[in-house]
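A.B. asks: Have a look at the structure that comes next, please.
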């Protein structure tokens, strides 16, 4: 047992509690939960009463980090604290598994990535949707060229319904100072990650249209339409909101060799018998189009979700297993999110990589001009319905 | 028989021939084909040989209009000529059924509408997709409030595959001087019409991203992503191209009372038990959402298509039947199309109604700077695959 990886959790609210539960239930091979820290005294008291006796509960992060009780940490605090806590943990020689998003602004996340590189420790992001076999298969189809050159990406992800009551449940929720954004930073980090992870492409420029507090009494974005252009001429549209019901989650990716749609937990693949450019070169008729096959692609495996990412992280530390979600990649999805907000604020195109100082300047202005006077108290919600 | 409406066709290429065929086959009650005009001598000779003997063939439009042989005309010439021919026909006291698009630029189409109003004659547009029971039902659901207030419209209409060979088949095709645009003016007028016809809403401003000759050796747009904002806060995205296979035709409209998706010839309707704003006001929990019902809506009737619009036009003249596609409404879809091109040209927002003189100035510049040196000859294509 002495080579079990000793894991500690920083921030034990909604998601931290979920991580604590499956760790305590010994669902992760080769790891044990040894300590947690939450700066909220009431929460710490609840944890003392509800976690196993073997788990040490701290309210002071420094004491926790220096306790010698943990080899690795899961960071599940509010977003702003992710990078600075990760940097501090790396300095302490600990491995880090960080909840999404990587942070709130790319400048801060770049510093986290630099800290990770310097430490040489294992660094992973909790991109649990990378364990979804549908998205793994779609990535496989793209990366091996089955779709040909990518031409269009269209993601309509509006099934994030959140009521005013949800937003009122946490003082930090949906505020510039508490979260640094809305649907992009809280609900969409998975999609923003999958978008560039599956395609292996980042846009060269974006033009986005965010609405702030359109559907709810909040100050951050709750309705977004974003347009992206890529170096190879491909285009993309990403649409999201927390204000619609029943909502939709439909991803379509079109390449010059075929098309994939992921919707309702199903992947549909249409493959052209010859590539579109080849057909176009040879064809001499009027309204003809390339022969297209509807293909049944086997989707194997289960979505192992949060526990799957944690298991992969533990295996990476203990056995050198390649990470499914390397921490350094967390900046990519955040870059898309930051670019969408920045494009709206300056009402213009944004080139990528974005001007991280300009983004940070705008973010600070939003924080300073905020009129939100919410209670600082938070409620840990049941995670049913979250991802 | 003496009260049959005598119809003449101006321009007997691809679509004009289709109209001639069903009229000759007496598929339209109360109407007969009496004359046609095509300025192309070879085409006129072919028409002499292939149409019924009772049909008079002209090569001179004035002689046709003044012949006294027709009470009404179907205009099926290249787009630029629609408004001026319609205006001339109205002056001659004739009823007009005009092929889509209404014209190429709104300034010209506004003049056509003024000519129609002055004449008091029946004026209809060949918006044959308005006869599709799916779209009629969707319009019904929207107009009677079943969807509630409209919040989002997303139309992905990329199943317009056209090869280079198609574009090379007609000298006027896909040129600024010949068509005045590409996929927006040739393939999409139906969707641009349905979009505003079904919702009863025109955007207040648009931001669009057109690519010109991206997939084919043409000078006009063949790939478009357009974003629209409405007075009530609703947003819309319209995506189209002629360069993709197999392509998609998926329309989603979300309201605060439900959602409709039209795809693969099927309408799916999700209805909220109580409206989203009402749920939001009352709900006090965390991740809850309004109860949503999947509803089977009966779709009755057949798509009567071009012949259906022509029959409705004939009935309007003979019996005063209300028009399904009043000619004056043709300007609305064209306004959307013009706005998308103009937004791209000025790389900025466009307010609606657009500045018609500014659009016309840009269009003239495109025509003047065109380097296309195509043969003026055209080939009448089999209409299979067109709409």
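A.B. asks: Out of the range B:150-170, which residues are part of a loop (DSSP other than H, G, I, E, B) and either over 11 Å from residue B:187 (Cβ atoms) or in contact with a helix residue (DSSP H, G or I) (Cβ under 9 Å, 6 or more places away or on another chain) (or both)?
C.D. replies: Across the range B:150-170, the qualifying residues are B:160, B:161, B:162, B:163, B:168, B:169.
A.B. asks: Does residue B:222 meet the test of being surrounded by 16 or more Cβ atoms within 10 Å (Cβ to Cβ), on the phi < 0 side of the Ramachandran plot and in a strand (DSSP E or B)?
C.D. replies: Criteria met by residue B:222.
A.B. asks: Out of curiosity, is residue B:49 out of contact with any strand residue (DSSP E or B) (no Cβ under 6 Å at 6 or more places or on another chain), exposed (fewer than 15 other Cβ atoms within 10 Å of the Cβ) and assigned to a helix (DSSP H, G or I)?
C.D. replies: yes
A.B. asks: May I ask you to verify whether residue A:160 is surrounded by fewer than 20 Cβ atoms within 10 Å (Cβ to Cβ) and either on the phi < 0 side of the Ramachandran plot or within 11 Å of chain B (Cβ to nearest Cβ) (or both)?
C.D. replies: Here the answer is no, as residue A:160 does not meet what is asked.
A.B. asks: Considering only residues of the range A:196-209 that are within 14 Å of chain B (Cβ to nearest Cβ) and surrounded by fewer than 18 Cβ atoms within 10 Å (Cβ to Cβ), which is farthest from residue A:339 (Cα to Cα)?
C.D. replies: A:204
A.B. asks: Kindly establish whether residue A:172 is in contact (Cβ under 8 Å) with a residue 12 or more places away in the chain, under 19 Å from residue A:354 (Cβ atoms) and away from chain B (no Cβ under 13 Å).
C.D. replies: Spelling it out, it is not the case that residue A:172 is in contact (Cβ under 8 Å) with a residue 12 or more places away in the chain, under 19 Å from residue A:354 (Cβ atoms) and away from chain B (no Cβ under 13 Å).
A.B. asks: Sticking with this one: State whether the residues of the range B:304-318 include one that is surrounded by fewer than 16 Cβ atoms within 10 Å (Cβ to Cβ) and over 23 Å from residue B:155 (Cα atoms).
C.D. replies: Checked the range B:304-318: no residue is surrounded by fewer than 16 Cβ atoms within 10 Å (Cβ to Cβ) and over 23 Å from residue B:155 (Cα atoms).
A.B. asks: Can residue B:178 be described as over 12 Å from residue B:337 (Cα atoms), within 14 Å of another protein chain (Cβ to nearest Cβ) and modelled with pLDDT under 95?
C.D. replies: Answer is no for this residue.
A.B. asks: Among the numbered conditions (1) in a helix (DSSP H, G or I); (2) out of contact with any strand residue (DSSP E or B) (no Cβ under 7 Å at 6 or more places or on another chain), tell me where residue B:104 comes up short.
C.D. replies: Only one criterion in (1) in a helix (DSSP H, G or I); (2) out of contact with any strand residue (DSSP E or B) (no Cβ under 7 Å at 6 or more places or on another chain) is unmet by residue B:104, namely (1).
A.B. asks: Restricting to the range B:132-149, count the residues that are in a helix (DSSP H, G or I) and either farther than 11 Å from residue B:199 by Cα or touching a residue at least 24 places away in the same chain (Cβ under 8 Å) (or both).
C.D. replies: Counting residues in the range B:132-149 that are in a helix (DSSP H, G or I) and either farther than 11 Å from residue B:199 by Cα or touching a residue at least 24 places away in the same chain (Cβ under 8 Å) (or both) gives 10.
A.B. asks: In the list A:274, A:297, which residue meets the criterion of being surrounded by fewer than 18 Cβ atoms within 10 Å (Cβ to Cβ) and free of Cβ contacts under 8 Å to residues at least 40 places away in the same chain?
C.D. replies: Among A:274, A:297, only A:274 is surrounded by fewer than 18 Cβ atoms within 10 Å (Cβ to Cβ) and free of Cβ contacts under 8 Å to residues at least 40 places away in the same chain.
A.B. asks: Can you go through A:174, A:245 and tell me which one is in a loop (DSSP other than H, G, I, E, B), crowded, with 22+ Cβ neighbours inside 10 Å and at positive phi?
C.D. replies: Result: A:174 is the single residue among A:174, A:245 that is in a loop (DSSP other than H, G, I, E, B), crowded, with 22+ Cβ neighbours inside 10 Å and at positive phi.
A.B. asks: For the range A:232-241, enumerate the residues that are more than 7 Å from every other protein chain (Cβ to nearest Cβ) and under 30 Å from residue B:269 (Cβ atoms).
C.D. replies: Within the range A:232-241, A:236, A:238, A:240, A:241 qualify.
A.B. asks: Give the residues of the range B:210-226 that are within 18 Å of residue A:230 (Cβ to Cβ) and at the interface with chain A (Cβ under 9 Å from one of its Cβ atoms), sorted by residue number.
C.D. replies: Passing the criteria: B:211, B:214, B:215, B:223, B:225.
A.B. asks: Still on this structure: Kindly indicate whether any position in the range B:251-262 is farther than 16 Å from residue B:142 by Cα, more than 8 Å from every other protein chain (Cβ to nearest Cβ) and within 21 Å of the chain's Cα centre (by Cα).
C.D. replies: no
A.B. asks: Something else: May I ask you to list the residues in the range A:1-39 that are more than 22 Å from residue A:318 (Cβ to Cβ), part of a loop (DSSP other than H, G, I, E, B) and modelled with pLDDT of 95 or more?
C.D. replies: A:11, A:12, A:38, A:39
A.B. asks: Inside the range B:107-131, can you point out the residues that are in a helix (DSSP H, G or I) and touching a strand residue (DSSP E or B) at 6+ places or on another chain (Cβ under 7 Å)?
C.D. replies: B:116
A.B. asks: Still on this structure, please answer the following. Within the bounds of the range A:354-366, is there any residue that is under 30 Å from residue A:28 (Cα atoms), in contact (Cβ under 8 Å) with a residue 60 or more places away in the chain and surrounded by fewer than 21 Cβ atoms within 10 Å (Cβ to Cβ)?
C.D. replies: No, the range A:354-366 has no match at all.
A.B. asks: Working carefully through the options A:229, A:244, find the one that is closer than 18 Å to residue B:158 by Cβ, touching a strand residue (DSSP E or B) at 6+ places or on another chain (Cβ under 7 Å) and within 11 Å of chain B (Cβ to nearest Cβ).
C.D. replies: Going through A:229, A:244 in turn, the sole match is A:229.
A.B. asks: If a residue has to be assigned to a loop (DSSP other than H, G, I, E, B), under 19 Å from residue B:317 (Cβ atoms) and in contact (Cβ under 8 Å) with a residue 12 or more places away in the chain to count, how many in the range B:63-95 make the cut?
C.D. replies: Residues in the range B:63-95 being assigned to a loop (DSSP other than H, G, I, E, B), under 19 Å from residue B:317 (Cβ atoms) and in contact (Cβ under 8 Å) with a residue 12 or more places away in the chain: 8 in total.
A.B. asks: Kindly indicate whether residue A:52 is farther than 30 Å from residue A:221 by Cβ, away from chain B (no Cβ under 14 Å) and touching a residue at least 24 places away in the same chain (Cβ under 8 Å).
C.D. replies: So residue A:52 passes the test.
Table: residues versus (1) in contact (Cβ under 8 Å) with a residue 40 or more places away in the chain; (2) surrounded by 15 or more Cβ atoms within 10 Å (Cβ to Cβ); (3) within 19 Å of residue A:93 (Cβ to Cβ).
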site: A:11; (1), (2), (3): yes, yes, no
site: A:20; (1), (2), (3): no, yes, no
site: A:26; (1), (2), (3): no, no, no
site: A:29; (1), (2), (3): yes, no, no
site: A:34; (1), (2), (3): no, yes, yes
site: A:43; (1), (2), (3): yes, yes, no
site: A:57; (1), (2), (3): no, yes, no
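A.B. asks: Same structure, new question: Take the conditions in contact (Cβ under 8 Å) with a residue 24 or more places away in the chain, under 26 Å from the mean Cα position of the chain (by Cα), surrounded by fewer than 20 Cβ atoms within 10 Å (Cβ to Cβ) and closer than 15 Å to residue B:6 by Cα and apply them to residue B:111. Does it pass?
C.D. replies: So residue B:111 fails the test.
A.B. asks: Report those helices (runs of 4 or more DSSP H) wholly inside the range A:268-363 carrying at least 2 residues which are within 14 Å of chain B (Cβ to nearest Cβ).
C.D. replies: A:276-282, A:330-346
The values are calculated or read from the model by the stated rules, or taken from the named source; none is laboratory data. The structure displayed is predicted, hence computed values, not measured ones. Methodologically, a virtual Cβ is constructed for each residue, glycine included, from the backbone with ideal geometry; neighbour enumeration extends over all protein chains shown.
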